[in-house]
Amino acid sequence: MEKLYTYLTNINLDVFMAMILAVLFSAEQLFTSVSSLFKRTTHLINNVLLQFGYLLLNLVLASLVISILNWANANKYGLFNIIETPYYIKVIVGIFCIDFVNYWAHRLNHTWEIFWRLHRVHHSDTIMDSTTTYRFHPLDAFTDNLSGVIAALMFGLDGSILIFWLVLYIPLLVLHHTNFIMPNWFDRIFGKLIVSPNFHKIHHHQNQEFTDSNYGLIFIFWDKLFKTFRQIPVSEIKFGLTEFDKPERQGFWFLLKSPFVNVKKNS
Ligand SMILES: [Zn+2]
Ligand SMILES: [Zn+2]
């Protein structure tokens, strides 16, 4: 157990994510025509450029997050610092707690205008593939770190439990965005517990009713519990947002400045 702990907490999560993405991007290409490679590469570059900005900001924020978590643990803040709990229970329950806070943080990203302007960059993608995983506005690093810190402060979790949650979440996050459509049996079996890739694709539908559904990150039961779960066939989904449909609104520079401009629908 100690070996597993040391191994998992020493993983470089950025490299881990890049490796999974490289494998799945290549797998997608095997099932796509060679002529699509140029279009896919342009799409990849736009999304990778956004991710560079995100990672730079994340790097700056990382030491601040670690300091806050160390301070909170030293002062015994949070539920698990009040109730004496074995570490492995903290890991298991902590993963659910972090996912729960992230479900609500994701809902707030869709509800509060200031957060939506950042988060809509992720939703703007009209072509869904593994590289959509990288399509987040750099300033989204603030809101993502904030939800991790809030979860840790509320429940008294240290940074290692956040890492355990990320090690589970990152492969699923990339899988959510691949252009593979999962068979129905996958949704029937795994969809009882986790957010299957098909469920997350529904979250990327242009139709508002579906954009504002399936907010879960790892576990689907938050959506079922709070009545935000929707299910339709993936073949009926139109990806993106109508206000970002034009090709000139899909490039890196437009996406970077988009939170600060009024992007009107159909103009
Ligand atoms: Zn969303
Ligand atoms: Zn997504």
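Taken together, the values in this text are just the output of simple stated rules run on the coordinates, not laboratory data. The structure displayed is predicted, hence computed values, not measured ones. Counting neighbours? That spans all protein chains shown, and the Cβs are built from the backbone with ideal geometry, glycine included.
Here are a few things to note about the model shown:
- Separation of alpha-carbon centers, the range 175-195 and the range 115-154, rounded to whole Å: 21 Å
- Rounded if a/c under 1.5, otherwise prolate or oblate - the range 104-178, Cα gyration tensor axes: oblate
- Packing here is the average count of other Cβ atoms within 10 Å per residue, and on that basis the peptides 177-190, 100-113, highest first, run 100-113, 177-190.
- For the peptides 115-123, 61-69, residues were scored by their other Cβ atoms within 10 Å and the scores averaged per peptide; the highest-first order is 115-123, 61-69.
- Counting only residues at least eight positions apart within a chain, or on another chain, the aspartates and glutamates with an alpha carbon under 18 Å from that of Lys265 are Glu113, Asp125, Glu209, Asp212, Glu243, Asp245, Glu248.
- Within straight-line reach of Lys76, meaning a Cα separation under 12 Å, sit the following aspartates and glutamates at least 8 residues removed in sequence or on another chain: Glu84, Asp158.
- Set of lysines with alpha-carbon distance to Lys192 below 26 Å, sequence-local pairs under 8 removed: Lys90, Lys201, Lys224, Lys227, Lys238
- Across all directions, the average flat footprint of the convex hull enclosing the Cα atoms of the range 2-260 is 14.4 nm².
- About its Cα centre, the dipole of the range 1-139 is roughly 180 debye, where the only charges are +1 on Lys and Arg Cβ and -1 on Asp and Glu Cβ.
- Relative contact order computed over the range 23-151 (Cα-Cα under 8 Å; 6+ residues apart), in percent: 45 percent
- Computed about its Cα centre, the charge dipole of the chain is approximately 380 debye, with only Lys, Arg, Asp and Glu carrying charge at their Cβ.
- Mean separation of Cα contacts under 8 Å (6+ apart) over length of the range 170-227, as relative contact order %: 31 percent
- Relative contact order, percent, the range 2-260 [alpha-carbon distance under 8 Å, six or more residues apart]: 25 percent
- Kyte-Doolittle at least 1.0, axis length at least 20 Å by Cα - qualifying DSSP helices, the chain: 13-30, 37-74, 140-155, 159-177
- Per-peptide average of other Cβ atoms within 10 Å, ordering 128-138, 209-219 highest first: 128-138, 209-219
- Leading residue at positive end of dipole, the chain (Cβ point charges), from Val195, Met154, Phe80: Val195
- The chain: calculated mean residue ellipticity at 222 nm from DSSP helix runs of at least 4, using -39500 (n - 2.57): -20000 deg cm²/dmol
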